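Data block below; observations after.
Just so you know, all these numbers are worked out from the coordinates, no wet-lab data involved. Since we're looking at a predicted model, the values are computed, not measured. Cβ placement follows ideal geometry from the backbone for every residue including glycine, while neighbour counts extend to all protein chains displayed.
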Amino acid sequence: MALVARPRNLIFDLDGTLVDSAPDLAAAVNSLLGELEAPALTEAAVRSMIGDGVALLVRRALAAAHVATDDAGFPAALERFRALYDARLTALTRPYPQVPETLALLTSAGHRLGVCTNKPLAPTRRILEELGLAAFFGAVIGGDSLPQRKPAPEPLLAAIAALGNPQGDRRPAAMIGDSANDMLCARAAAVTGILIPSDYGAPATAADLTLAHFAELPEAVARL
C-alpha cells in the first residue's frame, strides 16, 4: 500500500542541496585570485568554504591564498568577485541527479516548496530560472532578503510564511539541506531538519533525518 504524505511546506537550501555550483564558484574565485597575482585554490578547497554567504567565501579564499586585505580594500575584492561570478552563474552549475523529477513528485503530492539560501537573492533566482527549477518554488529567500542569515531561524520562517496559509491550512514544515547551517536553522525554527550530506561547508551531525540521495525525499517525507 502506497504511503500518503501529509501536505507540508518543504524548504530547500540551494548550493550543495539542489545544485552543484562549486565549479562556477571555484572558477570565479580563481579568476579573482589570478587578477591579484595569487595562487589558485583547488575546487575541493573552495567547496569547504561555501555555505555562509558570498562575503565569507571571498574572505576565506583570500586568506587561503595568503592575500592580505584590510577593511578598506575588501569591498573592492568582493565586488569584483560578484562580477566574475555573475558572468558565469550557470556555466558549469547543474542540478544534482533526480532533483527536477523529485521536485515534480513532491509538488504532485501536494507539498508547497520554497528555497532558503545564504546566496544573494538575485543570483539565486537566476540560477533557478536558467536551470529550469524556478517554477517549483512558491517562495525564495536569499542571504540578503533579511538582516539575518542561516543558521538564524528568521529566513526559514520567512520562507514558510511566504508560501501562504490558504483556507486555514496549517501544514507542518521541513528544512532540507546539506550543512550544519541548515540543520541549526531548522532546529532554531522548530521544524524538521532533513540532511542530504555534501562536501560543501561544515559537516552537519544533528539532523532529524539523514538521507543518502535526493530521490529518497518523497518516501521519507511521507513517513514523517
* Which fully enclosed helices (runs of 4 or more DSSP H) of region 1-108 have 2 or more residues being in contact (Cβ under 8 Å) with a residue 60 or more places away in the chain? -> 22-35, 43-47, 99-108
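Residue by residue, here is whether (1) free of Cβ contacts under 8 Å to residues at least 24 places away in the same chain; (2) among the hydroxyl-bearing types (Ser, Thr, Tyr); (3) under 29 Å from Ala61 (Cα atoms) holds:
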| residue | (1), (2), (3) |
| --- | --- |
| Ala189 | no, no, no |
| Thr192 | no, yes, no |
| Leu195 | yes, no, yes |
| Tyr200 | no, yes, yes |
| Ala204 | no, no, yes |
| Leu209 | yes, no, no |
| Glu216 | yes, no, no |
| Glu219 | no, no, no |
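To keep it simple, each residue is scored yes or no on (1) on the phi > 0 side of the Ramachandran plot; (2) touching an Asp or Glu at 6+ places or on another chain (Cβ under 8 Å); (3) not hydrophobic (A, V, I, L, M, F, W, C).
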position: Ala173; (1), (2), (3): no, no, no
position: Asp178; (1), (2), (3): no, yes, yes
position: Asp182; (1), (2), (3): no, yes, yes
position: Ala188; (1), (2), (3): no, no, no
position: Gly193; (1), (2), (3): no, yes, yes
position: Ala202; (1), (2), (3): no, no, no
position: Asp208; (1), (2), (3): no, no, yes
position: His213; (1), (2), (3): no, no, yes
position: Glu216; (1), (2), (3): no, no, yes
